[in-house]
Every structure is written in C-alpha cells, then in structure tokens.
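See below for the structure under consideration.
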Amino acid sequence: MSHRLRILTANLLNDAADPEVLAERLHAHRVDVCAVQELGPAQARAIADVLPHGKLEPATDHSGMGIALRQPGDISSLPLEARSAHVAHLDPAGWPQLSGAVEVMNLHVRAPHISPIWRTLAIRRAQLRGLLAHLDRHPHPGRVVVGDFNASPAWPLYRRMAARLRDAAHEHHRRRGSRAPRTWGPHPRGPRLFRIDHAFVERLEVSHSEVVSIPGSDHSALLVELETGEVSEGS
C-alpha cells in the first residue's frame with residue numbers, strides 16, 4: 001500500500017499573505033505539514049484551525065516561524081546564526097502512513113542584500129555550516145529540509161545543499177521533462193523571477209511537486225508529496 005506525506009513551505013511576507021486563502025490552500029491540497037517563514041499572528045491562527053499540532057511562533061518583524069502538523073509530533077529548535085531552524089520529528093506511532101521516522105526542518109536563510117553585506121554573507125555561511133553540521137551529527141532514516149533559502153540554483157549555498165540532499169522540485173520536474181517553477185518576485189502581484197524556496201530530501205521518494213499561489217506574498221508556496229511507505233536506502 002502506498003502512503004504519502006504532503007509538505008507545504010511558504011514565506012508569508014510578514015503577515016501580508018491572505019490568511020483565509022492560505023487556510024483554503026491547506027485544505028484543498030490536503031497538506032500534512034506546513035512550514036512557514038515570516039509568519040504573522042493572523043496567519044498563525046488560520047493555519048492552526050487546519051493543522052492543530054506542531055508549533056507556530058508568529059511575529060511582526062519578519063522573524064515569525066513555525067511548523068504546523070496534521071497529527072502530533074515533537075518540535076525542537078536548531079540554533080543557527082541570527083535565526084534558528086525549526087525541526088519536526090514525525091514518528092510512525094502518531095503517523096501511520098510512515099514506515100520509519102521522518103525529520104522535517106524549516107529554514108529561513110538571511111537574504112543576501114541586507115546591509116552591511118559583509119556581515120550578511122558571514123551569517124549566511126554560518127547558517128549553512130550549522131545546518132550541515134546537524135546533518136553530519138544526526139543521520140536520519142528520512143529527512144526533508146524546506147524553507148526560504150534566499151538562493152537560486154546558481155548560488156553556492158544552493159549547490160552545497162544539492163550536493164548533500166536531493167532537490168525535490170528539480171527531481172520531479174526533470175522526470176516530466178520540464179523545469180521547476182520559480183517561487184519569488186519583488187512584488188506580490190508580479191511575476192516570479194527566481195527559484196529560492198526549496199525542499200531538499202534524503203531517503204524519501206518524491207512523487208509530486210508544484211508551486212501554490214498565496215495572495216499577498218511575494219513568494220509562491222512550494223508543495224511536495226513524498227512516498228513514505230518505503231524509505232529508500234539511498235540519498
């Protein structure tokens with residue numbers, strides 16, 4: 001029997017994304033795990049109405065983060081430079097569609113244009129080092145690292161991640177003979193110019209990936225669906 005886990009990640013532009021539409025998207029796409037960045041109070045309330053478990057920490061200074069879950073799971077924090085990552089631990093005891101434990105990490109990498117640039121670049125490198133150190137110290141039977149990486153596939157930070165884990169969107173669209181859609185543009189109603197929101201997977205099979213519009217945000221959400229009945233031995 002095939003079992004699937006549907007994960008949506010979205011940068012919500014500091015409470016600017018429409019909370020009612022966001023809740024509708026979570027319902028319509030049967031999302032099991034929602035990992036968000038720049039989470040505001042109204043959005044946190046809307047998400048919790050659909051996905052009542054997990055941990056949401058809204059704020060109004062662009063630092064709001066959280067992971068919401070359809071079923072119970074343990075949530076912890078991974079301290080990183082400037083902004084910690086959030087980590088959800090999903091156990092088959094509470095998630096019957098899983099054949100083994102799955103770790104979902106939510107990351108928001110510092111945007112490269114924030115002044116002073118030298119300090120920002122140092123923070124980005126430190127965030128990446130902290131994440132990679134966690135991966136080295138804690139091998140896991142199934143892992144997904146999602147979020148706003150503020151790095152397109154042309155950037156070194158993305159390439160370092162793609163050398164360790166598989167890019168779910170790229171993998172899915174390559175099988176279909178298409179290119180993974182872009183996720184960010186400078187204006188909420190404008191075109192998406194760069195693909196900077198990612199889902200990197202380890203030892204899980206990717207069955208689907210798509211972008212989902214969230215009115216009010218300058219990011220499109222990224223939705224990935226993973227096969228979880230059998231956990232692959234490869235990465």
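Nothing in this text is a laboratory measurement; each read-out follows from the coordinates by a stated rule. This is a predicted model, so every value here is computed, not measured. Please note: Cβ atoms are built from the backbone with ideal geometry, for glycine as well, and neighbour counts cover all protein chains shown.
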Could you grab the Rg to Rh ratio for region 115-235? Cα atoms only, Kirkwood for Rh. 0.98
From the phi of every residue in region 219-225, what ³J(HN,Hα) in whole Hz does the Karplus formula 6.51 cos²θ - 1.76 cosθ + 1.60 yield, where θ is phi - 60° and glycine or proline is x? 10, 8, 6, 10, 10, 10, 10
Long-range amide H contacts for GLY64: which residues qualify at under 5 Å (H placed 1.01 Å from N, peptide plane, sequence gap of 5 or more or a different chain)? GLU38, LEU39, ALA59
Given the options GLY177, GLY66, GLY100, which has the most mean-square fluctuation in a GNM of the chain, springs set between C-alpha atoms less than 10 angstrom apart? GLY177
What percentages make up the Cα-Cα pair-distance distribution of region 34-108 when the bins are 10 Å wide from 0? 21, 50, 25, 4
Region 132-145 - phi-based ³J(HN,Hα) in whole Hz, Karplus 6.51/-1.76/1.60, Gly and Pro as x: 5, 5, 4, 4, 5, 6, 10, x, 9, x, x, 9, 9, 10
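What translational D, rounded to a whole number of µm²/s, comes out for the chain from Stokes-Einstein when the hydrodynamic radius is the Kirkwood one over Cα pairs, at 20 °C and 1.002 mPa s?
Numbers: Rh = 17.5 Å.
After rounding, the answer is 122 µm²/s.
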In the chain, what % of DSSP beta bridges are antiparallel (nearest 5)? 80 percent
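How many percent of DSSP beta bridges within region 1-74 run antiparallel, rounded to 5? List each step's numbers first, then the result.
Values: 10 of 15 bridges.
Counting only bridges with both partners in region 1-74, antiparallel ones make up about 65 percent.
Give me the mean projected area, in nm² to one decimal, of the convex hull enclosing the Cα positions of region 1-55.
Values: hull surface 15.2 nm².
Taking the Cα atoms of region 1-55, their convex hull projects to 3.8 nm² on average.
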May I ask you to derive the relative contact order of the chain, considering only C-alpha pairs under 8 Å and at least 6 residues apart, and to give it as an integer percent? 22 percent
For region 151-161, 3J(HN,Hα) per residue [Karplus equation, 6.51 cos²θ - 1.76 cosθ + 1.60, θ = phi - 60°, Hz, x = Gly/Pro]: 8, 7, x, 7, 8, x, 4, 4, 4, 5, 5
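May I ask you to list the trypsin sites (Lys or Arg not before Pro) in region 136-213 that are in a DSSP loop and have at most 14 other Cβ atoms within 10 Å of their Cβ?
Details: sites: ARG137, ARG143, ARG159, ARG160, ARG164, ARG166, ARG174, ARG175, ARG176, ARG179, ARG182, ARG189, ARG192, ARG195, ARG203; in loops: ARG176, ARG179, ARG182, ARG189, ARG192, ARG195, ARG203.
Hits after loop and neighbour filter: ARG176, ARG179, ARG189.
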Magnitude of the charge dipole, the chain, Cβ model with Lys/Arg +1 and Asp/Glu -1, debye to 20: 880 debye
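Are there any trypsin sites (Lys or Arg not before Pro) in region 7-49 that are in a DSSP loop and have at most 12 other Cβ atoms within 10 Å? List them by number. Write out the running numbers ahead of the final one.
Details: sites: ARG25, ARG30, ARG45; in loops: ARG30.
Qualifying residues, ordered by number: ARG30.
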Taking H placed 1.01 Å from N in the peptide plane, check which residues at least 5 places from GLY73 or on another chain put their amide H under 5 Å from its amide H. GLY54
